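The values are calculated or read from the model by the stated rules, or taken from the named source; none is laboratory data. These numbers come from a predicted model, not from an experiment. Neighbour counts run over all protein chains shown; Cβ positions are idealised from the backbone, glycine included.
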Amino acid sequence: MKLFGLAILGFVVAGCGKDDDTAIDTSVIETGDITDTGDITTSCDGEIVEMEPETGADDWFYRDSMRVVFSDSAQSATFDLLADESGAEVSTTVSWGDGNLIATITPDDPLSGAADYTLTATHCGESQASNFTTSEYGQPVEGGADALVGLTSAVLFGDVNFTQPENIGMLLGLYMDIPVLVGVTAAENGLIDVVAGLGYFDAVTGYGQRMNEPTWDLGSVDLEGDVFFSATAEMVDLGSDGVSIPVSDFHMEGSFAPDGTHFSGGLLNGLVDTRHMSTLFSSSDPYYDCTDLVRPFGVYCVECPDEEEFCLFLQGEDITSTPAPGLSIQVVE
């Protein structure tokens with residue numbers, strides 16, 4: 001409901017003289033909602049135009065934030081998230097985009113997998129609800145961390161959503177087309193040893209490991225909630241066949257499926273040294289990637305660990321690895 005303010009033009013002068021008079025303008029000026037301090041915060045003209053997830057969605061990823069889009073500024077809107085099975089309210093944090101048109105609602109703790117939830121948005125007395133179900137991801141791995149030992153899956157760069165460098169991340173990803181194998185080699189007290197390395201695919205035998213290439217130790221990491229891992233290696237090399245593509249601070253994370261055969265909601269990033277990648281683009285110039293390739297897109301190389309400006313920060317999101325049945329990654333020094 002709109003609030004209206006009265007603009008009083010003139011002053012009431014207290015006095016005794018018979019010629020004293022008071023001029024009051026009682027015209028109405030439309031404003032937005034007004035706080036105790038007098039600041040205008042929002043308008044009630046805005047309507048909810050989109051809720052994400054939509055009601056009826058049955059595959060919402062349990063770690064994703066939700067969004068509500070309004071047609072006008074709506075910072076005074078409130079949001080409630082309930083777990084349908086228990087009726088308990090889920091604690092969330094709300095942030096707003098430019099113009100207070102888009103609200104991002106982030107659960108303070110990840111949701112449960114394969115569970116029903118109701119998100120309700122209320123703005124100026126009007127409410128709209130979205131009833132949705134999370135996907136299987138987020139459920140504990142069957143058998144716990146021990147069940148992951150010996151299981152391997154493959155990350156295919158062609159299926160990764162590369163978001164950085166902006167505009168050209170996907171282009172670089174296409175030239176790193178060798179599968180990256182990710183596996184668990186040991187588990188103890190809720191910690192898992194994550195190892196990654198280069199692989200290949202054979203149409204007859206399926207995925208295999210390149211035993212002539214060293215593997216990368218991503219460390220012993222906590223299996224958060226018996227499902228989520230986050231691991232980092234100081235340095236890996238994504239190159240092969242004589243082409244070196246060093247990546248420093250190579251980070252990977254994801255949530256294992258309940259059967260442990262693969263992970264989803266994955267993310268990877270790292271600082272890619274491009275000086276040897278020029279051969280992939282039929283150039284012998286080590287500066288090619290940083291000048292001819294990326295600069296036309298407004299992207300500039302940054303310093304590598306050796307302080308030479310040949311590096312690009314590469315980030316891929318929305319990763320779902322592919323199961324590699326029968327393959328157990330082996331550590332290669």
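Looking at Pro305 and the list (1) without any contact (Cβ under 8 Å) to a residue 60 or more places away in the chain; (2) closer than 30 Å to Gln139 by Cβ, which single condition is not satisfied?
Looking at each condition in turn, Pro305 falls short on (2).
Could you list all residues from the range 148-161 that are in contact with a Phe, Trp or Tyr (Cβ under 8 Å, 6 or more places away or on another chain) and either basic (Lys, Arg) or in a helix (DSSP H, G or I) (or both)?
If the condition is that a residue be in contact with a Phe, Trp or Tyr (Cβ under 8 Å, 6 or more places away or on another chain) and either basic (Lys, Arg) or in a helix (DSSP H, G or I) (or both), then Leu148 is the only one that fits.
Under the condition of being polar (S, T, N, Q) and closer than 20 Å to Ala114 by Cα, which residue from the range 61-88 is surrounded by the fewest Cβ atoms within 10 Å (Cβ to Cβ)? So that I can check it myself, show each step before the final result.
Start the filter on the range 61-88 by keeping residues that are polar (S, T, N, Q), which leaves 65, 71, 73, 75-76, 78, 86.
Then drop every residue that is not closer than 20 Å to Ala114 by Cα, which leaves 65, 86.
Working: Ser65: 14, Ser86: 10.
Taking the candidates together, the pick is Ser86.
Only residues that are assigned to a strand (DSSP E or B) and either among the polar types (S, T, N, Q) or free of Cβ contacts under 8 Å to residues at least 12 places away in the same chain (or both): list them for the range 257-287, please. Before you say what the answer is, go through the steps one by one.
Narrowing the range 257-287 to residues assigned to a strand (DSSP E or B): 263-273.
Matches in the range 257-287: Ser264, Asn269.
Note down all Cβ pairs under 9 Å where the first residue falls in the range 93-122 and is within 30 Å of Pro140 (Cβ to Cβ), the second is part of a strand (DSSP E or B) and at pLDDT below 95, and they're at least six residues apart or on different chains.
Every condition considered, the pairs that remain are Pro110/Glu224.
Sort out which residues of the range 173-196 are of a type in the set (A, V, I, L, M) and out of contact with any helix residue (DSSP H, G or I) (no Cβ under 9 Å at 6 or more places or on another chain), and write them in order of number. I'd like the intermediate steps shown before the answer.
Step one: list which residues in the range 173-196 are of a type in the set (A, V, I, L, M), which gives 174, 176, 178, 180-182, 184, 186-187, 191-192, 194-196.
Hits for the range 173-196 are Leu181, Val182, Ala186, Val194, Val195, Ala196.
Just give me the residues in the range 46-60 being surrounded by 18 or more Cβ atoms within 10 Å (Cβ to Cβ) and assigned to a loop (DSSP other than H, G, I, E, B), in sequence order. Show your work before the answer.
So in the range 46-60, the residues surrounded by 18 or more Cβ atoms within 10 Å (Cβ to Cβ) come out as 46, 48, 51-53, 60.
Selection gives Gly46, Pro53.
Tell me, which residue of the range 162-202 that is of a type outside the set (A, V, I, L, M), touching a residue at least 24 places away in the same chain (Cβ under 8 Å) and assigned to a loop (DSSP other than H, G, I, E, B) is farthest from Asp146 (Cα to Cα)?
Filtering the range 162-202 for residues that are of a type outside the set (A, V, I, L, M), touching a residue at least 24 places away in the same chain (Cβ under 8 Å) and assigned to a loop (DSSP other than H, G, I, E, B), the one farthest from Asp146 (Cα to Cα) comes out as Asn167.
Restricting to the range 169-193, and then to whatever is in contact with a strand residue (DSSP E or B) (Cβ under 7 Å, 6 or more places away or on another chain) and of a type outside the set (A, V, I, L, M), can you tell me which residue is modelled with the lowest pLDDT?
The initial filter retains those residues of the range 169-193 that are in contact with a strand residue (DSSP E or B) (Cβ under 7 Å, 6 or more places away or on another chain), namely 169-170, 172-173, 178-187, 190-193.
Those left that are additionally of a type outside the set (A, V, I, L, M): 169, 173, 179, 183, 185, 190, 193.
On the way: Gly169: 79, Gly173: 72, Pro179: 95, Gly183: 98, Thr185: 98, Gly190: 87, Asp193: 97.
Selected residue: Gly173.
Is it the case, given these coordinates, that Ser112 is hydroxyl-bearing (Ser, Thr, Tyr) and assigned to a loop (DSSP other than H, G, I, E, B)?
On the way: hydroxyl-bearing (Ser, Thr, Tyr): yes; assigned to a loop (DSSP other than H, G, I, E, B): yes.
The answer is yes for Ser112.
If you go through the range 203-256, how many residues are touching a residue at least 24 places away in the same chain (Cβ under 8 Å), small (Gly, Ala, Ser) and part of a loop (DSSP other than H, G, I, E, B)?
4
Taking Ser230 as meeting all but one of (1) under 21 Å from Asp318 (Cβ atoms); (2) hydroxyl-bearing (Ser, Thr, Tyr); (3) crowded, with 21+ Cβ neighbours inside 10 Å, write down the number of the exception.
It is condition (3) that Ser230 fails.
For Thr104, only one of the following conditions fails: (1) more than 21 Å from the chain's Cα centre (by Cα); (2) assigned to a strand (DSSP E or B); (3) of a type in the set (Ser, Thr, Tyr). What is its number?
(1)
Identify the residue in the range 38-89 that is out of contact with any Ser or Thr (no Cβ under 7 Å at 6 or more places or on another chain) and among the polar types (S, T, N, Q) and, among all such residues, is farthest from Ser255 (Cα to Cα).
Ser71
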